[in-house]
Amino acid sequence: MNVAAVPVERVAEQRTTVRRERIRLLLRSPTFIAGAVIVGTWVVCAIGGTHLTPYDPFATDPLNRLRPPSARHLFGTDQLGRDVLSRVVAGARGILIVAPLATLLGTVAGTALGLVTGYFRGVVDEVLMRLVDAFRALPVVIVGMLGLVALGPSTVTVILVIGIVFTPIVARPVRAAVLTQRGQEYVQAARLRRERAPYILFVELLPNVLAPVLVEFTVRLGYAIFATATLSFLGFGIQPPAPDWGLTIFEHYGFISGGYWWPVLFPALAIASLVVGVNLVSDGTSQALER
Amino acid sequence: MNAPAVLEIDDLRLAFRVRGTERQAIHGVSFRIGKEESFGLVGESGCGKSTVALTAMRYLPGNARITGGSVRVTGRDLLKMSESELRRYRTSTVSMVYQNPGTALNPSIRVGDQVAEVFRIAGLPRAEAEDRARAMLQKVRISDPGYVMRRYPHQLSGGMQQRVVIAMALAPNPELLILDEPTTALDATVEAEVLDLIAALRTEFGTSLLYISHNLGVVARMCERVGVLYAGRLVEVGETEAVFSDPRHPYTVGLLRCVPRWGSRKDEGVLDTIPGLPPPIGAQTAGCVYADRCALAVDHCRQEPPPLFEVGGGHSSRCFRHEEASRLPRPAAQPGAAAGVAANGHALIQLQAVSKTFQQDGHRVQGLVDVDLQIAPGEALGLVGESGSGKSTLAKVLLGLLEPDSGGHLEYEGRSLAGQVGGRDEEEVRAIQIVFQNPGASLNRRHSIRQIIGRAVTKLLGLHGREREQRLFELTGSVRLDRSVLDSRPEQLSGGLKQRVAIARAFAGDPRIVVCDEPTSALDVSVQAAILNLLVDLQRSKGVTYLFISHDLGVVRYLSDRIAVLYLGRLLEIGTAEAVFKGPHHPYTEALLSAAPVLHGGAKTRIRLEGEVPSAADPPSGCVFHTRCPRYLGDICRDQEPPLNQPEPGHLIRCHIPVDELRRLQLVDEP
């Protein structure tokens, strides 16, 4: 008896169309497209680096300090006579390495934490979640500064600090998703085969909470960019002479009162556009996933 | 022509736009509902029942488009109404009651305000609206409307919520009441009460009904005329009596045969099934849509769509071979399973004084109280009771998912069994498995079928590689699944196929006892029959024991050798299926039996349970059932635990009424 042959064939074709449908929805979403274009541009800048810049971003020119935007220097020059446009383009690389890595660290650690607390409940959950709440009450930048002071400023420290700060924030929604999944009968079925907890957590539960994890990743990425720039601005992040955006703003914000606005405005716009772009991508993705 | 019909749907055609293409969902449906008439619409899921109902409200989703035909309500064309006319129409002429009362009521507004709102919209001042709301709640047999009006919806039981929804629906005194599976989410006893209520109110208000249900028994009881919908076409329509007793479309014949006949048993033969699946929405067929699944189909059926043939008395069928429909060949008769092994002293599973108490907000809630139960190897024990009676708790205790209170004792093959699955040895874990109610939730939707069944094979039998693959093929074969399903995911399979996968997983380690927790309640009747046949077949070929939980007494009767009746975590009656059904019954069993909507075999005694299941946190004294017992004796029931009576060996009834007295009472009431 071959009862299943017909339906299986029919639905197998549906499976690919569901996936294609998601991608199609994504590509038809103006939100996602706009965000992707912005983020894509910065990714190109980060990869191209000095190959794309009109000048060497590190080359000083003492005779042409703080020149306003002109045909030669579209974004003007900074206090050491370096080309602002070149520094903005080259600055994308640092932030686009640090922020995604930090977010990835926070998402992975937060997902693990959320899975464990959501699945085991009880005392483990209570203790960890109270710690998480306490941790979340502290401002990100303060925690970041303390961490950087203790560990010493470096790119790795920035990644670690932001990742750790994000961990409890990511753990919350993952835990909520796990709470709704753990009561499902497929988890009971696994317990009835005496599966070990790691198998239930990572093989049974994890694939079913990936959607909120993905959404959380994109949301966090926007915050990570902002946090990275803030820490650099405060002098705790990427160190000079790197053409980092936050650092550049820090080095020049004193000149604004003198009318020298360009070395501050253009890196600030760069940060803003990247954050907005990431958030647009994030909105577009979560809309497509929710359908 | 006589007075205009309340609802007249003529050649309705409707399409859904999915991914840019229009898919025809309703292909020319026509029927009319006269004044004070009750019309039932039956069919399997996806056939278009709810779409037709929503069309009558003009509440269609945004991607739906009516491509032809007309809908007239009390003579007015619904499709040509303007928005404001439509609003007036929905507030005064037609009302709808949905399946799930919990979501039909606004959770943050008190019940009284919600019901009164209906009258306020009609323009009454607040005080008067409230009085009318109170009167309306009284009409739906709510004994203390003042109390109910101050409650929020979540503080009421499902049955009570549905009464409130019905009160709101009937408040504007509509011409037409549309009921979309109004009792599907309710217990059989509550369902019976709600159905009585709807029947009574219908005559009182003179309302016409459009009643949508997949349950043929309910429709048989509620409706004068019935239409059978299949793939967006009305394939048969006529007087309910005529359609159900003399069906003229092979689909109707098939549907009716799928339902286990009242009192039929597995040893009397297999259930009939309908092969194949309904066509997907939007499928184009040249001939009769049902031809692919029809045993009577001839070439003619596949070439030309059949018109509606009048077969007499307003009864018509969309089938060329309507003359022969009732002679639809049955699938080759197979021997049913032999009756289960009679208990011969040796128990496979034994529960002694098993109790389970939950802690809930500082209260002790008794899930199970002092349950003694023996399950013999090879038998099928049916477990019945309303929701909250402890059926699933009992199953979970047996499986080791819930640890019983200390003092109780579990035994497997004469050996003591640990309360937690983690404390059981490999053989015990292998021996006790489960098929859950909802295959959508019991199969991990991110895993392939190969992973799902294969993991159980690896974990329970320790097989790998070729051996594992071999075992997978054996299992899929034994649940009649094609091997190709192994590479698909649950979401690609229909409900029936998913449940087969779940059964294959339960049988992966050659279990001795399989708990079946409502395994067919989420499925259509034709699929249900196939799954029941499979379970019976597996029992015969593998000698497995079942603990079968169901609220459908016909299904329990078909599959079970013995039946246990639970109420508030206590075992009230246990005995062979024969004895429990024939009587004498415990008064609670009697009530359950008479609540079941019966399709075949005429009306049963109608005794009704009043009120609701009391809270398990504060169970009644004496006999726990005394608060609702239709045969309440007096103080003795309230004050004393009833004794266990034994009408015949192996049949136990926990009741104060002596067995002979029960037998006499129940014989008198039998028609």
Which one of these does B:L373 not meet: (1) part of a loop (DSSP other than H, G, I, E, B); (2) closer than 30 Å to B:R265 by Cβ?
(1)
Test B:L271 against the criterion of being out of contact with any Gly (no Cβ under 7 Å at 6 or more places or on another chain) and part of a helix (DSSP H, G or I), and give yes or no.
no
Considering only residues that are surrounded by fewer than 19 Cβ atoms within 10 Å (Cβ to Cβ) and either polar (S, T, N, Q) or within 11 Å of chain A (Cβ to nearest Cβ) (or both), which ones fall in segment B:460-471?
B:L461, B:Q470
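Would you confirm, using the coordinates I've provided, whether B:T103 is of a type in the set (S, T, N, Q), assigned to a loop (DSSP other than H, G, I, E, B) and within 24 Å of B:L209 (Cα to Cα)? Give the derivation first.
Details: of a type in the set (S, T, N, Q): yes; assigned to a loop (DSSP other than H, G, I, E, B): no; within 24 Å of B:L209 (Cα to Cα): yes.
Judged against the criteria, B:T103 is not a match.
Go through segment B:240-259 residue by residue and tally those that are out of contact with any strand residue (DSSP E or B) (no Cβ under 6 Å at 6 or more places or on another chain) and either part of a strand (DSSP E or B) or not hydrophobic (A, V, I, L, M, F, W, C) (or both).
Number of matching residues: 7.
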Looking at A:R24, A:R10, A:R28, which is the one that is surrounded by fewer than 16 Cβ atoms within 10 Å (Cβ to Cβ), at pLDDT below 70 and within 14 Å of chain B (Cβ to nearest Cβ)?
A:R10
Any residue in segment B:120-132 that is within 24 Å of B:A200 (Cα to Cα), of a type outside the set (D, E, K, R), touching a residue at least 24 places away in the same chain (Cβ under 8 Å) and not assigned by TED's automatic domain parsing to the domain that holds B:S615?
no
Out of B:V485, B:V457, report the one residue that is among the aliphatic types (A, V, I, L, M) and facing chain A (nearest Cβ under 8 Å).
B:V485
Conditions (1) surrounded by fewer than 20 Cβ atoms within 10 Å (Cβ to Cβ); (2) over 30 Å from B:L593 (Cβ atoms); (3) under 31 Å from the mean Cα position of the chain (by Cα); (4) within 14 Å of another protein chain (Cβ to nearest Cβ); number of the one not met by B:N438
(2)
When you check B:R32 against the structure, is it basic (K, R) and more than 14 Å from chain A (Cβ to nearest Cβ), yes or no?
yes
Within segment B:421-432, is there a residue that is within 24 Å of B:L538 (Cα to Cα), at the interface with another protein chain (Cβ under 9 Å from one of its Cβ atoms) and assigned to a strand (DSSP E or B)?
yes
Within segment B:519-531, is even one residue within 13 Å of chain A (Cβ to nearest Cβ), surrounded by 22 or more Cβ atoms within 10 Å (Cβ to Cβ), over 20 Å from B:T545 (Cα atoms) and aliphatic (A, V, I, L, M)?
yes
If you check A:V149 against the conditions, is it more than 30 Å from A:F58 (Cα to Cα) and out of contact with any strand residue (DSSP E or B) (no Cβ under 9 Å at 6 or more places or on another chain)?
no
Within segment B:385-423, the residues that are out of contact with any Asp or Glu (no Cβ under 9 Å at 6 or more places or on another chain) and of a type in the set (A, V, I, L, M, F, W, C) are B:L394, B:L398, B:L399, B:L401, B:L402, B:L410
What strands (runs of 3 or more DSSP E) lie completely within segment B:503-608 and have 1 or more residues being over 15 Å from B:I434 (Cβ atoms), at pLDDT below 85 and in contact with a strand residue (DSSP E or B) (Cβ under 7 Å, 6 or more places away or on another chain)?
none
Of the residues in segment B:488-510, those that are facing chain A (nearest Cβ under 10 Å), under 27 Å from B:I563 (Cβ atoms) and touching a helix residue (DSSP H, G or I) at 6+ places or on another chain (Cβ under 6 Å) number 3
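Kindly indicate whether B:V479 is within 14 Å of another protein chain (Cβ to nearest Cβ) and among the β-branched types (V, I, T).
Values: within 14 Å of another protein chain (Cβ to nearest Cβ): yes; among the β-branched types (V, I, T): yes.
When the stated conditions are applied, B:V479 passes them.
Going by the conditions given, is B:S108 assigned to a loop (DSSP other than H, G, I, E, B), surrounded by fewer than 16 Cβ atoms within 10 Å (Cβ to Cβ), touching a residue at least 12 places away in the same chain (Cβ under 8 Å) and assigned by TED's automatic domain parsing to the domain that holds B:M57? Working first, answer last.
Values: assigned to a loop (DSSP other than H, G, I, E, B): yes; surrounded by fewer than 16 Cβ atoms within 10 Å (Cβ to Cβ): yes; touching a residue at least 12 places away in the same chain (Cβ under 8 Å): yes; assigned by TED's automatic domain parsing to the domain that holds B:M57: yes.
When the stated conditions are applied, B:S108 passes them.
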Hey, among the residues in segment B:249-277 that are within 14 Å of chain A (Cβ to nearest Cβ) and either within 19 Å of the chain's Cα centre (by Cα) or among the β-branched types (V, I, T) (or both), which one's surrounded by the most Cβ atoms within 10 Å (Cβ to Cβ)?
B:I274
Tell me, please, whether a residue that is buried (at least 16 other Cβ atoms within 10 Å of the Cβ), more than 28 Å from the chain's Cα centre (by Cα) and at pLDDT 90 or above can be found in segment B:40-57.
no
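Test of understanding: among A:Y199, A:Y186, which residue is surrounded by fewer than 20 Cβ atoms within 10 Å (Cβ to Cβ), within 14 Å of chain B (Cβ to nearest Cβ) and aromatic (F, W, Y)?
Matching residue, one of A:Y199, A:Y186: A:Y199.
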Could you tell me whether B:R557 is charged (D, E, K, R), crowded, with 21+ Cβ neighbours inside 10 Å and more than 14 Å from chain A (Cβ to nearest Cβ)?
yes
The lone exception for B:G123 - which of (1) within 17 Å of B:G611 (Cα to Cα); (2) over 29 Å from the mean Cα position of the chain (by Cα); (3) in a loop (DSSP other than H, G, I, E, B) it fails:
(1)
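The values are calculated or read from the model by the stated rules, or taken from the named source; none is laboratory data. Since the model is a prediction, treat every value here as computed from it, not as a measurement. When we count neighbours, we look across all protein chains shown, and the Cβ atoms used for this are built from the backbone with ideal geometry, even at glycine.
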